[in-house]
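Only one structure is covered here, and it is reproduced in the block below.
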Amino acid sequence: MHLAVLAHGNSWYLKDLRRAAAGAHRIDQVAFDVIHAALNRQTTEVCSRGRNLADYDAVLVRTMPPGSLEQVVFRMDALARLQATGTKVVNSPRAIEAAVDKYLALAKLQAASLPVPPTMVCQALDESMEAFERLGQDVVIKPLFGGEGRGICRITDPDVMVRTTKALLQVNAVIYLQQYIDHDGCDLRVFLIGDQIYGMRRRNPTDWRTNVSRGATTEPLIVDDGLSELARVAASAVGAEIAGVDVLDGKDGRRWVLEVNAVPGWKALAETLQTDIGARVLGYLAARCAGREDARSTASPDG
C-alpha cells in the first residue's frame, strides 16, 4: 500500500505509522498548506509538491491545522474532489467537517438519539447570560473548534460569565456552553478502527478535565456491548471510520456522549493497552484499499 499521510513533518503519528509499516507499506508525508488543485475539461487533480494525490492507494488525514476560512474551505473541498475521483480518504472530508465543529457534531449525535449534555450556542451577551441561567449557572465553555482540553473553562459565577463572554465576543467567537456534568474525575475513550473497538478510562484526581495532555492517568477499559453500540452509533452519526468517542458517566448514573474526534490520537491508548494501534490502523487501511470493509482479519499483529 502506498499511503499519503496529511500530517506535520515531526508528527509522532507519522513516525509511528512508518515504524508500524516496517517496509511493508510506503508512507509519504503531505502538508495541508502546500496542497494545490487543477481543473480542466477532462481531469481533476489535487497535488502536493508535484505529487498527484490520486496516485496513492489512500490518504489518511492526521491533522487539521488552523487557517483562514478560505484556506479551510479549500482544503476540505480539495479532499472532497479527490475522494470523488475514487481515491480513499480516511476520514472523509464530510466526517472531518462534522466532527471538528462541536455544534454540528453534537447536533448529529442528538439526531441519532444519543444522550448529549444540555448545550446552548450564542452570539450575543444577553443570550449567553440567559443560557447560563437556563443551564443552572454551572457551565463548561468550549471553543467551537479545538481539542485536548484547550480553551475550556468551567464557570459558576455570573460576573465571570459576563467577562468571559465579552472577551470571546471581541474576537468574534461564538459562545458554546454545556451544562456541567458532575462526575467522579474520569471519562471513557472508545477508539474505533472500522469494526475494531478499543477502550481506556482516563482519570484525573486534580482536575475536572480528563485529558491526558492535562495530566490524566489511563487504564484499560473493557468495552461492553452497551458502550460498544453507543460508540458505533456516535461514529456513524458523523461518518467517521476511525474515531475516538468520548463518553462521561455522571454521578447521577446517566451516561453522556460528549464528542467524536475524527482525527483521534492513539499514543496513550497504545501505551495503556500495550497494543500496536498504528499497525491496526495500517491493517484497516490496507483492507479498505483491497475492497474489504472488515479489517479485522487483515490487521497486523501487535508489535
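The values are calculated or read from the model by the stated rules, or taken from the named source; none is laboratory data. Because the structure is predicted, anything quoted here is derived from the model rather than measured. Note that we place each Cβ from the backbone using ideal geometry, even for glycine, and neighbour counts take in every protein chain shown.
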message: Residue under question is E97, and the condition is that it be under 22 Å from the mean Cα position of the chain (by Cα), at pLDDT below 95, within 24 Å of P66 (Cβ to Cβ) and crowded, with 16+ Cβ neighbours inside 10 Å; does it hold?
response: yes
field: Any chance L227 is at pLDDT 95 or above and more than 22 Å from A7 (Cα to Cα)
entry: yes
- prompt: Restricting the search to the stretch 213-229, which residues are aliphatic (A, V, I, L, M) and over 11 Å from I197 (Cβ atoms)?
  reply: A216
- request: Could you pull out every one of the strands (runs of 3 or more DSSP E) wholly within the stretch 211-275 that has 1 or more residues that are surrounded by 14 or more Cβ atoms within 10 Å (Cβ to Cβ) and under 12 Å from the mean Cα position of the chain (by Cα)?
  value: 242-249, 255-261
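Got a sec? Which strands (runs of 3 or more DSSP E) wholly within the stretch 12-57 have at least 3 residues that are modelled with pLDDT of 95 or more, surrounded by 11 or more Cβ atoms within 10 Å (Cβ to Cβ) and assigned by TED's automatic domain parsing to the domain that holds F74? Full working, then the answer.
Numbers: elements: 26-30, 35-39, 44-48.
Correct list: 26-30.
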task: Out of the residues in the stretch 58-87 that are under 21 Å from L17 (Cβ atoms) and among the β-branched types (V, I, T), state the one that is modelled with the lowest pLDDT.
output: T63
